[in-house]
C-alpha cells in the first residue's frame, strides 16, 4: 500500500510539473514561447521576450504547481512523498507530457522546492544567484551557481533527511544538464547578457 502511495506521489508530481506556466501564459496572446528567444519554456525566456512582470508571473505559477506537488506527496506518503513529488515535478517541468516534452530548465521549480524545505536555503540560493548573475550579467551563470550551491548549502545547514539531500543533488545534476548549451556558450564567450523585453504581440 505504501509503495502505491509513493507511485501516486510520483505520478501527481509529474502531471503537475508538466503544466507549463510559460507556454500557457504566452500561447494565446503571443504565440508559443518555445519559438521565441532562447526557445526555453521558462520564466527567464518569458521575461526576456515579454517583460519582467510576465516572467515573475510565470515564476509564481511554477512555484504554485511545485507546492501542490509537494503537498499532495506529503498527504500520500509523508516527507518521502513530498521529496518524490518534488523530483517528479522537476522532471515534468523540464520534459512536460502535455507539451511535446519540451519545457523549462528547472530553476523556478528548484527554487520553489527550496522555499518548502527551509527558508534559509532559499535565501542562500537567491544570494548566490543574484551575485553571480549581476557580476556576469548572465542569468545562466547565476542559475548554474545556485544549482551548484544547492546540495552544498543543504549539507552545511544540516537537518535534512537523506531523500531531501538526494533531491538536492538531483537538482544540481538536472540544472547542469538542462543548461548544457549555455555552458558551451559560456566557455566560448558567446552567452548573451540578460535584457528584459516588453510585453508585446508578435
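No value in this document is a laboratory result; all are computed from the given coordinates. Keep in mind that what you see is a predicted model, and the values were worked out from it rather than measured. With ideal geometry, Cβ positions are generated from the backbone for all residues, glycine too; neighbour counts draw on all protein chains shown.
Report the extension gain between residue 166 and residue 4 in nm, rounded to one decimal, defined as 0.36 nm multiplied by the number of residues separating them, less their alpha carbon distance.
56.2 nm
Take peptides 142-149, 71-78 and line them up by average Cβ neighbours within 10 Å, highest first, as a rough protection proxy.
Answer by packing, highest mean first, reads 142-149, 71-78.
Shape verdict for segment 89-143, please, from the Cα gyration tensor: rounded (a/c under 1.5), prolate (a/b greater than b/c) or oblate.
Oblate is the answer for segment 89-143, as a/c is 1.5 or above yet b/c matches or exceeds a/b.
What is the spin-label model distance, in nm, from residue 127 to residue 176 if the labels are put 7 Å beyond Cα along the C-beta direction?
About 2.4 nm separates the two model spin labels.
At 0.692 mPa s and 37 °C, plugging the Kirkwood radius over alpha-carbon pairs of segment 2-188 into Stokes-Einstein gives what diffusion coefficient in µm²/s?
Stokes-Einstein gives a translational diffusion coefficient of 201 µm²/s.
Just want to confirm a number: the relative contact order over the chain, from Cα pairs under 8 angstrom separated by 6+ residues, in percent.
Result for the chain is 24 percent.
Which whole number of Å³ per residue matches the convex hull of the alpha-carbon atoms in segment 15-106?
Enclosed volume per residue, from the Cα hull, is 75 Å³.
Which value in deg cm²/dmol, rounded to the nearest 500, describes the helix-derived mean residue ellipticity at 222 nm for the chain, given -39,500 (n - 2.57) per DSSP H run of n ≥ 4 and division by the residue count?
-25000 deg cm²/dmol
Work out, step by step, the length gained on full extension between residue 152 and residue 60: first 0.36 nm times the residue separation, then minus their alpha carbon distance; give nm to one decimal.
Once the chain is fully extended between residue 152 and residue 60, it gains 30.6 nm.
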